[in-house]
Amino acid sequence: MAKVIKGTAVAKKVREALRDEILEIKETKPEFTPGLTVVQVGDRPDSNVYIGAKIKACKEIGIEGTHLKFPPTTTEEELVGEIERLNNDPNVHGIILQVPLDCNTGIDEALATNALAPSKDVDGLTDVNAGRLSRGDLKRCFTPCTPSGCMVLIEEAGVDVKGKNVCVVGRSKIVGAPMHDLLLWAHGTVTTCHSRTPDLGYHIKQADVVVVAAGKKELVKGDMIKPGAVVIDCGINPEPDATKKSGVKLWGDVEYGAAKEVAGYITPVPGGVGPMTVALLMRNTVTSAKRMNGITSPHKPIRSYSTMAGRQFSPTARSYSTAASLGLRALRFLKK
(Lines give C-alpha, C1' and ligand atoms only; values in the text may rest on other atoms or scores of the structure.)
Protein backbone atom coordinates (compact mmCIF):
# COMPACT_ATOMS: atom_id res chain seq x y z
CA MET A 1 0.00 0.00 0.00
CA ALA A 2 1.45 3.33 -1.10
CA LYS A 3 2.00 6.25 1.22
CA VAL A 4 0.06 9.29 0.06
CA ILE A 5 2.04 12.41 -0.81
CA LYS A 6 -0.22 15.26 0.21
CA GLY A 7 1.03 18.72 -0.40
CA THR A 8 -1.07 21.15 1.62
CA ALA A 9 1.59 21.41 4.30
CA VAL A 10 4.38 21.41 1.70
CA ALA A 11 2.79 24.39 -0.04
CA LYS A 12 2.21 25.98 3.36
CA LYS A 13 5.89 25.59 4.23
CA VAL A 14 6.87 27.26 0.96
CA ARG A 15 4.51 30.18 1.62
CA GLU A 16 5.62 30.60 5.23
CA ALA A 17 9.29 30.54 4.23
CA LEU A 18 8.63 33.22 1.62
CA ARG A 19 6.71 35.38 4.09
CA ASP A 20 9.56 35.14 6.61
CA GLU A 21 12.09 35.89 3.90
CA ILE A 22 10.27 39.05 2.80
CA LEU A 23 10.06 40.26 6.42
CA GLU A 24 13.76 39.57 6.90
CA ILE A 25 14.72 41.51 3.77
CA LYS A 26 12.51 44.41 4.85
CA GLU A 27 14.62 44.78 7.99
CA THR A 28 17.46 46.16 5.85
CA LYS A 29 15.41 47.21 2.78
CA PRO A 30 12.08 48.53 4.09
CA GLU A 31 10.96 49.43 0.56
CA PHE A 32 11.24 45.82 -0.64
CA THR A 33 7.81 44.59 -1.77
CA PRO A 34 7.54 41.97 -4.50
CA GLY A 35 4.84 42.79 -7.03
CA LEU A 36 2.78 40.36 -9.13
CA THR A 37 0.28 41.44 -11.77
CA VAL A 38 -2.23 39.05 -13.31
CA VAL A 39 -3.60 40.16 -16.68
CA GLN A 40 -6.99 38.76 -17.68
CA VAL A 41 -9.02 39.25 -20.84
CA GLY A 42 -12.71 38.40 -20.47
CA ASP A 43 -14.54 36.80 -17.57
CA ARG A 44 -14.13 33.01 -17.60
CA PRO A 45 -15.43 31.62 -14.27
CA ASP A 46 -12.58 29.12 -13.93
CA SER A 47 -10.00 31.84 -14.58
CA ASN A 48 -11.65 34.02 -11.93
CA VAL A 49 -11.23 31.23 -9.36
CA TYR A 50 -7.57 30.62 -10.28
CA ILE A 51 -6.79 34.33 -10.13
CA GLY A 52 -8.56 34.68 -6.80
CA ALA A 53 -6.35 31.95 -5.33
CA LYS A 54 -3.22 33.70 -6.59
CA ILE A 55 -4.20 37.09 -5.20
CA LYS A 56 -5.12 35.49 -1.88
CA ALA A 57 -1.70 33.83 -1.68
CA CYS A 58 -0.03 37.17 -2.43
CA LYS A 59 -1.77 38.81 0.51
CA GLU A 60 -0.82 35.96 2.81
CA ILE A 61 2.87 36.17 1.91
CA GLY A 62 3.37 39.92 1.59
CA ILE A 63 3.40 40.26 -2.19
CA GLU A 64 1.60 43.18 -3.82
CA GLY A 65 -0.90 41.32 -6.00
CA THR A 66 -2.75 43.19 -8.75
CA HIS A 67 -5.52 41.90 -11.00
CA LEU A 68 -5.93 43.76 -14.30
CA LYS A 69 -9.11 42.71 -16.06
CA PHE A 70 -9.90 43.75 -19.63
CA PRO A 71 -13.10 43.24 -21.66
CA PRO A 72 -13.50 40.57 -24.37
CA THR A 73 -13.31 43.36 -26.97
CA THR A 74 -9.66 44.06 -26.12
CA THR A 75 -7.48 44.00 -29.22
CA GLU A 76 -4.09 42.36 -29.58
CA GLU A 77 -2.44 45.75 -29.90
CA GLU A 78 -4.07 46.99 -26.71
CA LEU A 79 -3.11 43.88 -24.77
CA VAL A 80 0.51 43.91 -25.94
CA GLY A 81 0.70 47.61 -25.13
CA GLU A 82 -0.44 46.94 -21.56
CA ILE A 83 2.07 44.11 -21.20
CA GLU A 84 4.87 46.39 -22.41
CA ARG A 85 3.84 48.98 -19.83
CA LEU A 86 4.10 46.37 -17.10
CA ASN A 87 7.46 45.22 -18.47
CA ASN A 88 8.77 48.74 -17.87
CA ASP A 89 7.23 49.21 -14.41
CA PRO A 90 9.98 48.74 -11.77
CA ASN A 91 7.36 47.93 -9.11
CA VAL A 92 6.13 44.91 -11.05
CA HIS A 93 8.40 41.88 -10.67
CA GLY A 94 6.13 39.18 -12.05
CA ILE A 95 3.51 39.19 -14.81
CA ILE A 96 1.00 36.45 -15.61
CA LEU A 97 -1.17 36.42 -18.72
CA GLN A 98 -4.15 34.29 -17.69
CA VAL A 99 -4.97 31.86 -20.46
CA PRO A 100 -7.06 30.86 -22.24
CA LEU A 101 -7.99 34.38 -23.25
CA ASP A 102 -11.72 35.05 -23.30
CA CYS A 103 -11.94 37.48 -26.20
CA ASN A 104 -13.70 37.91 -29.53
CA THR A 105 -10.89 39.76 -31.29
CA GLY A 106 -8.64 36.88 -32.32
CA ILE A 107 -5.67 37.66 -30.09
CA ASP A 108 -2.69 35.39 -30.74
CA GLU A 109 -2.02 33.90 -27.29
CA ALA A 110 1.52 32.84 -28.17
CA LEU A 111 2.38 36.31 -29.42
CA ALA A 112 0.89 37.94 -26.32
CA THR A 113 2.69 35.53 -23.99
CA ASN A 114 6.01 36.21 -25.68
CA ALA A 115 5.46 39.94 -25.21
CA LEU A 116 6.23 39.35 -21.51
CA ALA A 117 9.75 40.25 -20.47
CA PRO A 118 11.44 36.89 -19.75
CA SER A 119 12.78 38.35 -16.50
CA LYS A 120 9.17 38.90 -15.33
CA ASP A 121 7.66 35.75 -16.86
CA VAL A 122 7.12 34.01 -13.52
CA ASP A 123 4.93 31.36 -15.15
CA GLY A 124 7.94 30.34 -17.27
CA LEU A 125 5.93 30.17 -20.49
CA THR A 126 7.79 32.47 -22.87
CA ASP A 127 9.91 30.92 -25.60
CA VAL A 128 13.03 32.41 -24.03
CA ASN A 129 12.46 30.75 -20.66
CA ALA A 130 11.41 27.48 -22.30
CA GLY A 131 14.57 27.52 -24.40
CA ARG A 132 16.81 28.18 -21.43
CA LEU A 133 15.16 25.33 -19.51
CA SER A 134 15.64 22.95 -22.43
CA ARG A 135 19.35 23.84 -22.43
CA GLY A 136 19.67 23.33 -18.70
CA ASP A 137 20.25 27.02 -17.98
CA LEU A 138 18.21 26.85 -14.77
CA LYS A 139 19.88 29.82 -13.11
CA ARG A 140 18.73 32.21 -15.84
CA CYS A 141 15.18 31.04 -16.41
CA PHE A 142 11.85 30.75 -14.68
CA THR A 143 10.35 27.27 -14.85
CA PRO A 144 6.62 26.54 -15.13
CA CYS A 145 5.10 26.27 -11.69
CA THR A 146 3.30 22.92 -11.87
CA PRO A 147 6.40 20.93 -12.94
CA SER A 148 8.48 22.80 -10.38
CA GLY A 149 5.94 21.89 -7.71
CA CYS A 150 6.10 18.25 -8.76
CA MET A 151 9.87 18.30 -8.30
CA VAL A 152 9.48 19.64 -4.77
CA LEU A 153 6.94 16.92 -3.94
CA ILE A 154 9.18 14.20 -5.35
CA GLU A 155 12.04 15.37 -3.17
CA GLU A 156 9.79 15.80 -0.15
CA ALA A 157 9.09 12.07 -0.51
CA GLY A 158 12.81 11.49 -0.05
CA VAL A 159 13.56 10.72 -3.69
CA ASP A 160 16.69 11.67 -5.61
CA VAL A 161 15.86 11.04 -9.28
CA LYS A 162 19.53 10.92 -10.28
CA GLY A 163 20.11 7.74 -12.26
CA LYS A 164 16.49 6.58 -11.86
CA ASN A 165 14.18 5.56 -14.69
CA VAL A 166 11.50 8.24 -14.99
CA CYS A 167 8.43 8.27 -17.23
CA VAL A 168 6.50 11.45 -18.06
CA VAL A 169 3.09 10.87 -19.63
CA GLY A 170 2.08 13.99 -21.57
CA ARG A 171 4.01 16.58 -23.57
CA SER A 172 2.13 19.85 -23.11
CA LYS A 173 4.10 23.09 -23.10
CA ILE A 174 2.86 23.90 -19.60
CA VAL A 175 3.47 20.59 -17.80
CA GLY A 176 4.73 17.59 -19.77
CA ALA A 177 7.57 19.09 -21.79
CA PRO A 178 9.08 21.22 -18.98
CA MET A 179 8.60 18.29 -16.57
CA HIS A 180 10.79 16.19 -18.86
CA ASP A 181 13.44 18.91 -18.92
CA LEU A 182 13.51 19.38 -15.13
CA LEU A 183 13.84 15.65 -14.55
CA LEU A 184 16.53 15.37 -17.20
CA TRP A 185 18.64 18.15 -15.66
CA ALA A 186 18.14 16.49 -12.27
CA HIS A 187 19.99 13.55 -13.91
CA GLY A 188 17.03 11.22 -14.32
CA THR A 189 16.85 8.84 -17.29
CA VAL A 190 13.64 10.21 -18.78
CA THR A 191 11.12 8.70 -21.20
CA THR A 192 8.28 10.91 -22.44
CA CYS A 193 5.09 9.18 -23.59
CA HIS A 194 2.15 10.75 -25.40
CA SER A 195 -0.95 9.98 -27.46
CA ARG A 196 1.11 8.34 -30.22
CA THR A 197 3.14 6.12 -27.91
CA PRO A 198 2.43 2.41 -28.50
CA ASP A 199 2.25 0.14 -25.45
CA LEU A 200 2.09 2.90 -22.86
CA GLY A 201 2.01 0.36 -20.04
CA TYR A 202 5.38 -1.09 -21.04
CA HIS A 203 7.16 2.25 -20.65
CA ILE A 204 5.43 3.09 -17.36
CA LYS A 205 6.26 -0.35 -15.95
CA GLN A 206 9.99 0.38 -16.29
CA ALA A 207 9.82 3.63 -14.30
CA ASP A 208 10.87 4.25 -10.71
CA VAL A 209 9.11 7.62 -10.90
CA VAL A 210 6.00 8.33 -13.02
CA VAL A 211 4.58 11.81 -13.63
CA VAL A 212 1.25 11.84 -15.44
CA ALA A 213 -0.11 14.98 -17.11
CA ALA A 214 -2.19 13.67 -19.99
CA GLY A 215 -5.58 15.19 -19.24
CA LYS A 216 -7.44 11.87 -19.54
CA LYS A 217 -9.36 10.33 -16.66
CA GLU A 218 -7.62 7.24 -15.19
CA LEU A 219 -5.47 6.72 -18.27
CA VAL A 220 -2.77 5.01 -16.20
CA LYS A 221 -4.02 1.78 -14.67
CA GLY A 222 -2.77 0.18 -11.50
CA ASP A 223 -1.28 -2.81 -13.30
CA MET A 224 0.98 -0.47 -15.31
CA ILE A 225 2.82 0.69 -12.19
CA LYS A 226 6.15 -0.81 -11.13
CA PRO A 227 5.93 -2.04 -7.53
CA GLY A 228 7.25 0.64 -5.18
CA ALA A 229 7.31 3.41 -7.79
CA VAL A 230 6.57 7.05 -7.01
CA VAL A 231 3.46 8.25 -8.87
CA ILE A 232 2.74 11.97 -9.34
CA ASP A 233 -0.70 12.66 -10.82
CA CYS A 234 -1.15 16.14 -12.35
CA GLY A 235 -4.54 15.30 -13.85
CA ILE A 236 -7.60 17.43 -13.19
CA ASN A 237 -10.66 15.91 -14.88
CA PRO A 238 -13.93 17.38 -13.53
CA GLU A 239 -17.25 15.55 -13.84
CA PRO A 240 -20.68 16.55 -12.56
CA ASP A 241 -21.52 14.88 -9.27
CA ALA A 242 -24.69 15.79 -7.39
CA THR A 243 -23.38 14.14 -4.22
CA LYS A 244 -20.61 16.73 -3.93
CA LYS A 245 -21.21 20.11 -2.33
CA SER A 246 -19.52 21.79 -5.27
CA GLY A 247 -21.48 19.67 -7.75
CA VAL A 248 -18.17 18.50 -9.26
CA LYS A 249 -15.96 15.47 -8.68
CA LEU A 250 -12.32 15.62 -9.76
CA TRP A 251 -10.59 12.61 -11.23
CA GLY A 252 -6.90 12.21 -11.85
CA ASP A 253 -5.08 10.72 -14.82
CA VAL A 254 -4.17 7.68 -12.68
CA GLU A 255 -6.50 4.91 -11.51
CA TYR A 256 -5.87 5.92 -7.92
CA GLY A 257 -7.31 3.01 -5.95
CA ALA A 258 -5.56 0.31 -7.95
CA ALA A 259 -2.30 2.25 -8.30
CA LYS A 260 -2.18 2.90 -4.56
CA GLU A 261 -2.03 -0.85 -3.95
CA VAL A 262 1.15 -1.13 -6.03
CA ALA A 263 3.05 2.15 -5.76
CA GLY A 264 5.42 3.18 -3.01
CA TYR A 265 4.22 6.78 -3.00
CA ILE A 266 1.32 8.46 -4.80
CA THR A 267 -0.39 11.87 -4.98
CA PRO A 268 -4.19 12.04 -4.76
CA VAL A 269 -6.58 14.12 -6.86
CA PRO A 270 -7.70 16.48 -5.51
CA GLY A 271 -5.16 17.25 -2.86
CA GLY A 272 -2.01 16.36 -4.74
CA VAL A 273 -0.17 18.71 -7.05
CA GLY A 274 -2.47 21.75 -7.31
CA PRO A 275 -1.51 24.06 -4.43
CA MET A 276 2.16 23.63 -5.26
CA THR A 277 1.49 25.48 -8.51
CA VAL A 278 0.46 28.63 -6.64
CA ALA A 279 3.23 28.24 -4.05
CA LEU A 280 5.94 28.00 -6.73
CA LEU A 281 4.43 30.99 -8.53
CA MET A 282 4.88 32.98 -5.33
CA ARG A 283 8.47 31.79 -5.04
CA ASN A 284 9.23 32.80 -8.64
CA THR A 285 7.82 36.25 -7.95
CA VAL A 286 10.01 36.71 -4.88
CA THR A 287 13.00 35.44 -6.86
CA SER A 288 12.35 38.04 -9.56
CA ALA A 289 12.01 40.82 -6.98
CA LYS A 290 15.30 39.81 -5.37
CA ARG A 291 17.08 39.77 -8.72
CA MET A 292 15.78 43.21 -9.65
CA ASN A 293 16.89 44.56 -6.27
CA GLY A 294 20.34 42.98 -6.41
CA ILE A 295 19.65 40.56 -3.54
CA THR A 296 21.65 37.37 -3.96
CA SER A 297 20.83 35.50 -0.74
CA PRO A 298 19.20 32.08 -1.20
CA HIS A 299 15.58 31.46 -0.31
CA LYS A 300 14.68 30.45 3.22
CA PRO A 301 15.08 26.67 3.57
CA ILE A 302 12.54 24.46 1.86
CA ARG A 303 13.88 21.53 -0.11
CA SER A 304 13.64 21.86 -3.90
CA TYR A 305 14.87 20.17 -7.05
CA SER A 306 17.78 22.63 -7.26
CA THR A 307 19.26 21.50 -3.93
CA MET A 308 18.84 17.72 -3.99
CA ALA A 309 20.88 16.17 -1.23
CA GLY A 310 21.66 12.89 -2.94
CA ARG A 311 19.45 10.81 -0.70
CA GLN A 312 19.22 7.18 -1.68
CA PHE A 313 16.02 5.74 -3.08
CA SER A 314 15.12 2.12 -3.73
CA PRO A 315 12.11 1.65 -6.01
CA THR A 316 11.07 -1.36 -3.94
CA ALA A 317 11.46 0.31 -0.55
CA ARG A 318 8.71 2.29 1.11
CA SER A 319 10.56 3.97 3.92
CA TYR A 320 10.57 7.52 2.59
CA SER A 321 10.17 10.47 4.92
CA THR A 322 6.54 11.50 5.24
CA ALA A 323 5.51 14.32 2.91
CA ALA A 324 3.09 16.97 3.98
CA SER A 325 -0.48 17.46 2.85
CA LEU A 326 -1.69 19.43 -0.17
CA GLY A 327 -4.90 21.25 -0.86
CA LEU A 328 -7.07 21.56 -3.89
CA ARG A 329 -6.55 22.89 -7.33
CA ALA A 330 -9.40 23.27 -9.73
CA LEU A 331 -12.56 25.33 -9.70
CA ARG A 332 -13.96 25.77 -6.18
CA PHE A 333 -11.49 23.25 -4.78
CA LEU A 334 -9.01 26.11 -4.68
CA LYS A 335 -11.08 27.71 -1.94
CA LYS A 336 -10.93 26.60 1.67
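The values are calculated or read from the model by the stated rules, or taken from the named source; none is laboratory data. Bear in mind the structure is a predicted one, so any value in this text is a computation, not a measurement. In this analysis, Cβ positions are derived from the backbone assuming ideal geometry, glycine residues included, and neighbour counts consider all displayed protein chains. In case anyone asks, the SASA skips ligands and DNA or RNA and just uses the protein heavy atoms, side chains included. Shrake-Rupley method; radii C 1.70, N 1.55, O 1.52, S 1.80 Å.
Within the range 172-187, the set of residues being surrounded by 24 or more Cβ atoms within 10 Å (Cβ to Cβ), assigned to a loop (DSSP other than H, G, I, E, B) and not aliphatic (A, V, I, L, M) is empty.
As a summary of the residue check, ASP108 satisfies the conditions (1) touching a residue at least 24 places away in the same chain (Cβ under 8 Å); (2) surrounded by 17 or more Cβ atoms within 10 Å (Cβ to Cβ) except for the one numbered (2). Annotation note: of PRO34, PRO72, PRO100, the sole residue that is out of contact with any strand residue (DSSP E or B) (no Cβ under 6 Å at 6 or more places or on another chain), in contact (Cβ under 8 Å) with a residue 24 or more places away in the chain, within 22 Å of THR277 (Cβ to Cβ) and open to solvent by 10 Å² or more (accessible area, probe 1.4 Å) is PRO100. With a requirement of 2 or more residues that are more than 19 Å from ALA117 (Cα to Cα), the helices (runs of 4 or more DSSP H) lying completely within the range 1-92 that satisfy it span 8-28, 45-61.
Of all residue pairs spaced 6 or more apart or on separate chains, those with beta-carbon atoms under 8 Å, a first member in the range 256-272 that is open to solvent by 30 Å² or more (accessible area, probe 1.4 Å) and a second member that is of a type in the set (Phe, Trp, Tyr) are VAL269/TRP251; VAL269/TYR256; PRO270/PHE333.
Across the range 113-139, the qualifying residues are those that are touching a strand residue (DSSP E or B) at 6+ places or on another chain (Cβ under 6 Å) and free of Cβ contacts under 8 Å to residues at least 40 places away in the same chain, and the one among them that is surrounded by the most Cβ atoms within 10 Å (Cβ to Cβ) is LEU116. For the range 38-48, the condition holds for at least one residue, the condition being that it is farther than 25 Å from PRO268 by Cα, touching a Gly at 6+ places or on another chain (Cβ under 8 Å), modelled with pLDDT of 95 or more and not aromatic (Phe, Trp, Tyr). Criterion applied to ASP233, ASP241 was being touching a Gly at 6+ places or on another chain (Cβ under 9 Å), without any contact (Cβ under 8 Å) to a residue 60 or more places away in the chain and open to solvent by less than 30 Å² (accessible area, probe 1.4 Å), and the one residue passing it is ASP233.
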